[in-house]
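Visitor: Can you read through this structure? Questions will come right after.
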Amino acid sequence: MYVHENVSSVETPRRSLAGFSRIHLKPGETKKVTFDLPRGQLAVWNAERWAVEPGTYTIWACGTSLASLSAQFVLKP
């Protein structure tokens, strides 16, 4: 799972690795995978301290084929 803060007070990577799980699927098989994303994991260094900024974030779930699913969420103060 990758995450990106859409608007930030500091420059952030386009996609930051936020979680990882290796699963093996047979052709046609599906499996539910869940990730926890603690608020603190969204912190950025703003030249003074680590801070979690409110705003809109995009998350991606990607497989080895680089096909991905994405969604957005809003983190409120």
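Visitor: Looking at (1) part of a loop (DSSP other than H, G, I, E, B); (2) in contact (Cβ under 8 Å) with a residue 40 or more places away in the chain; (3) of a type in the set (S, T, N, Q), which is the one condition that is false for residue 58?
Guide: (1)
Visitor: Given (1) within 14 Å of the chain's Cα centre (by Cα); (2) within 17 Å of residue 77 (Cα to Cα), identify the lone condition not met by residue 54.
Guide: So the condition that residue 54 fails would be (1).
Visitor: Residues of segment 22-77 being of a type in the set (Asp, Glu) and farther than 16 Å from residue 1 by Cβ, which ones?
Guide: First, the residues of segment 22-77 that are of a type in the set (Asp, Glu): 29, 36, 48, 53.
Matches in segment 22-77: 29, 48, 53.
Visitor: So which residues in segment 61-77 are surrounded by fewer than 10 Cβ atoms within 10 Å (Cβ to Cβ) and part of a loop (DSSP other than H, G, I, E, B)?
Guide: 64, 65, 66, 67, 76, 77
Visitor: Determine if segment 6-21 includes at least one residue that is among the charged types (D, E, K, R) and in contact with a Gly (Cβ under 9 Å, 6 or more places away or on another chain). Quick ask: steps written out before the conclusion?
Guide: Residues of segment 6-21 that are among the charged types (D, E, K, R), as a first pass: 11, 14-15.
So of that shortlist, the ones also in contact with a Gly (Cβ under 9 Å, 6 or more places away or on another chain) come out as none.
Scanning segment 6-21 turns up no residue that is among the charged types (D, E, K, R) and in contact with a Gly (Cβ under 9 Å, 6 or more places away or on another chain).
Table: residues versus (1) modelled with pLDDT of 90 or more; (2) out of contact with any His (no Cβ under 8 Å at 6 or more places or on another chain); (3) among the charged types (D, E, K, R).
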residue: 4; (1), (2), (3): yes, yes, no
residue: 36; (1), (2), (3): yes, yes, yes
residue: 68; (1), (2), (3): no, yes, no
residue: 71; (1), (2), (3): yes, yes, no
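Visitor: Which of the residues that make up segment 22-45 are among the polar types (S, T, N, Q) and exposed (fewer than 10 other Cβ atoms within 10 Å of the Cβ)? Before you say what the answer is, go through the steps one by one.
Guide: First, pick out the residues of segment 22-45 that are among the polar types (S, T, N, Q): 30, 34, 41.
Listed by number, the residues that qualify are 30, 34.
Visitor: Condition test on residue 28, is it part of a loop (DSSP other than H, G, I, E, B) and of a type outside the set (D, E, K, R)?
Guide: Numbers: part of a loop (DSSP other than H, G, I, E, B): yes; of a type outside the set (D, E, K, R): yes.
So residue 28 passes the test.
Visitor: Still on this structure, please answer the following. Out of all the residues in segment 2-24, which are closer than 15 Å to residue 39 by Cα, within 8 Å of the chain's Cα centre (by Cα) and in contact (Cβ under 8 Å) with a residue 24 or more places away in the chain?
Guide: First, pick out the residues of segment 2-24 that are closer than 15 Å to residue 39 by Cα: 2-5, 16-19.
Narrowing further to those that are within 8 Å of the chain's Cα centre (by Cα): 2-4, 16-19.
Selection gives 2, 3, 4, 18.
The values are calculated or read from the model by the stated rules, or taken from the named source; none is laboratory data. In this text, all values refer to a predicted model and were calculated from it rather than measured experimentally. Positions of Cβ are backbone-derived with ideal geometry, glycine not excepted, and every protein chain shown enters the neighbour counts.
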